[in-house]
Amino acid sequence: MEYRFSDRISSLQPSAIREILKATSDPSVIPFAAGNPDVAAFPIDDVRRISKRIFDEMPVTALQYGITEGYTPLRERIREYVKSSKNIGRDFDSVIITSGATQIMDLTTKVFCNFGDTVICETPSFIGSLNCFRSYGCKLKGVPIEADGMNIEALENALRESENVRFIYTITNFQNPSGVTMSLEKRKQVYALAKKYGVLILEDNPYGDLRVEGEDIPTIKSMDEDGIVVYAGSFSKILAPGIRIGYIVAPSEIIAKMTVGKQAADTHSTMFSQILVDEWMKTTDFEAHIEKIRGIYRRKLNLMCSLIDEKLGDFVKYVRPEGGLFVWCELPENVDMLDFVKRCIDNKVAVVPGTAFTVEDGEKTNCFRMNFSTPTDEKIVEGMNLIEKVKQSYV
């Protein structure tokens with residue numbers, strides 16, 4: 001039988017990152033192409049203890065249907081947490097629990113975008129979100145990222161010239177893949193432009209708690225007095241990605257529509273995971289755990305960057321991130337990036353080609369992304385030695 005796939009899915013390509021990971025499933029290949037948290041960051045003993053308590057004391061609640069908006073105690077705990085720690089949430093805002101942060105991109109697009117509408121994105125940007133927007137038939141308009149975030153002049157040009165712009169998508173902290181953090185001044189300017197042109201902002205902040213140096217910068221959502229920011233939060237990087245719990249803070253009118261959209265997707269996020277996250281936040285030293293994670297990633301980031309400086313300093317350019325999971329490197333103009341990535345894989349170290357993160361067709365990049373959270377310290381050293389070997393093949 002010849003299968004006729006829908007227009008919205010037939011043009012999508014598999015995630016280059018996932019394909020690279022499949023191609024390099026050989027355990028001898030060093031996974032700089034991944035983006036998984038360090039397993040040492042998983043609070044396994046806490047999860048084991050809490051899981052036992054859940055099934056001892058509230059098994060029916062954990063195994064039964066729940067409401068679409070999410071487990072009420074967890075929603076309230078998140079509301080209190082983001083208000084006290086990030087000044088997020090106004091009287092007009094509400095919270096909905098999602099099945100990971102990817103569902104946030106899906107629900108936002110489903111609720112606001114018709115086929116052919118425009119989404120403005122940083123370029124480069126996270127392939128998972130870009131493919132989500134594309135799956136709804138959105139036109140993507142890229143705005144170049146600079147060392148302190150979006151190019152504001154290019155952003156206003158895109159807002160002025162593009163048709164039917166529905167929202168601006170930004171990863172404000174330790175952006176994936178560039179590692180860049182948007183400055184406070186640019187956050188204010190992005191908010192002002194969104195207000196001026198009557199569009200929403202989708203602020204994706206999965207890495208915000210992974211700051212390892214520098215000072216925290218207020219989120220765009222913390223500035224939202226006009227109900228124009230949808231805030232995406234996640235427990236994947238601070239608890240565990242397999243639990244698949246994310247959350248949205250947005251105006252109640254938006255949350256109501258997202259609730260209907262979510263009912264058509266998965267009814268509600270898994271109750272067991274929601275209760276687990278709530279009990280974890282309630283019964284553990286949440287802040288101490290985050291500090292532990294930061295210590296792990298501070299060490300690994302410093303190690304990778306010191307090795308880049310030592311072994312590739314005359315070969316690549318990069319902006320040193322202040323947190324997150326990734327380092328974004330730019331190759332010399334005379335080096336073909338895709339050839340470089342292939343040579344790396346041939347030498348048993350996997351990095352991600354920058355083309356995986358481009359927004360518009362025909363966009364050029366000579367960059368590649370490396371991850372420091374997944375490999376061990378020893379593998380980071382080994383992998384950087386292998387990349388130095390690849391570098392020498394061009395000299």
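Approximating the spin labels as points 7 Å out from Cα along Cα→Cβ, the Ser84-to-Lys379 distance works out to 3.7 nm. Under the convention that each Lys and Arg Cβ holds +1 and each Asp and Glu Cβ holds -1, the size of the dipole of the chain around its Cα centre is about 560 debye. Stretched out straight at 0.36 nm per residue, the stretch from Ser28 to Ile290 would grow longer than its current Cα-Cα span by 91.2 nm.
For the stretch 77-235, taking the reciprocal of the average inverse distance between every pair of different Cα atoms yields a Kirkwood hydrodynamic radius of 15.7 Å. Placing Asp224, Asp285, Asp38 in order of accessible area, with the largest value first and a 1.4 Å probe, yields Asp285, Asp38, Asp224. Taken along the Cα-to-beta-carbon direction at a fixed 7 Å, the label points for Asp266 and Asp226 span 3.3 nm.
Using only Cα atoms, figure out Rg for the stretch 227-268 and give it as a multiple of 2.2 N^0.38 Å.
Numbers: Rg = 11.8 Å, N = 42, 2.2 N^0.38 = 9.1 Å.
With N residues counted in the stretch 227-268, Rg over 2.2 N^0.38 Å equals 1.30.
What separates the Cα centres of the stretch 240-256 and the stretch 111-186 is a distance of 20 Å. For the stretch 270-332, what percent of Cα pairs sit more than 16 Å apart? Cα-Cα pairs in the stretch 270-332 separated by more than 16 Å: 60 percent. Accessible surface of the stretch 309-356, 1.4 Å probe: 45 percent of it comes from carbon and sulfur atoms. Mean-square fluctuation check for the chain, GNM, Cα pairs under 10 Å: which of Gln263, Gln274, Gln103 is largest? So, out of Gln263, Gln274, Gln103, the one fluctuating most is Gln263. Each of Val60 and Cys305 was given a label point 7 Å from its Cα along the Cα-to-Cβ line. The distance between the two points is 5.4 nm. Computed over the stretch 176-229, the P(r) curve from all C-alpha pair distances, binned at 5 Å from the origin, holds 4, 17, 31, 23, 15, 8, 2, 0 percent per bin. Placing unit charges on each Cβ (+1 for Lys and Arg, -1 for Asp and Glu) gives the chain a dipole about its Cα centre, and among Ser51, Met223, Val119 the Cα reaching farthest toward its positive end belongs to Ser51. The listed peptides 91-100, 313-322, ordered by packing as a protection proxy, come out as 91-100, 313-322 (highest mean of other Cβ atoms within 10 Å first). About its Cα centre, the stretch 166-241 has a charge dipole of approximately 280 debye under the convention of +1 per Lys or Arg Cβ and -1 per Asp or Glu Cβ, with nothing else charged. The value given for the stretch 60-100 is a Kirkwood hydrodynamic radius of 11.3 Å, derived from the mean inverse Cα-Cα separation.
For the options Ala158, Ala265, Ala240, a Gaussian network treatment of the chain with springs between C-alpha atoms closer than 10 Å singles out Ala265 as fluctuating the most. Mean Kyte-Doolittle of at least -1.0 plus a Cα span of 27 Å or more along the axis: flag which DSSP H helices in the chain meet both, please. Both cut-offs are met by 286-312. Of the residues Met258, Ser234, Pro206, the one whose Cα sits farthest toward the positive end of the charge dipole of the stretch 180-277, with +1 on the Cβ of Lys and Arg and -1 on the Cβ of Asp and Glu, is Met258.
Mind checking the dipole of the stretch 206-264: about its Cα centre, +1 per Lys or Arg Cβ, -1 per Asp or Glu Cβ, Debye to the nearest 20?
Details: 6 positive and 8 negative charges, 99 e Å.
Dipole about the Cα centre, nearest 20: 480 debye.
For the chain, the solvent-accessible area works out to 44 Å² per residue, with a probe of 1.4 Å and every protein chain left in place.
Comparing mean-square fluctuations of Gly324, Gly362, Gly137 from a GNM of the chain with C-alpha springs under 10 Å, the top value falls on Gly362.
Report summary: the helix-based calculation at 222 nm, which adds -39500 (n - 2.57) for every DSSP H run with n ≥ 4 and divides by the residues of the chain, gives -13000 deg cm²/dmol.
The residue list Pro332, Tyr297, Phe315 was ranked by how far each Cα lies along the charge dipole of the stretch 281-361 toward its positive end, using unit charges on Cβ atoms, and Tyr297 comes out on top.
Using just the alpha carbons, could you tell me how many Å³ per residue the convex hull of the stretch 293-395 encloses? Present the calculation step by step, with values, prior to reporting the outcome.
Numbers: hull volume 10.3 nm³, N = 103.
That works out to 100 Å³ per residue.
Taken over the C-alpha atoms, the stretch 112-182 has Rg and Dmax values of 11.7, 33 angstrom.
The largest-to-smallest principal axis extents of the Cα set in the chain are 61, 57, 53 Å.
The values are calculated or read from the model by the stated rules, or taken from the named source; none is laboratory data. All values reported here derive from a predicted model rather than from experimental measurement. So basically every Cβ, Gly included, is an ideal-geometry build from the backbone, and we count neighbours across all protein chains shown. For accessibility, only protein heavy atoms count, side chains too; no ligands or nucleic acids. Shrake-Rupley method; radii C 1.70, N 1.55, O 1.52, S 1.80 Å.
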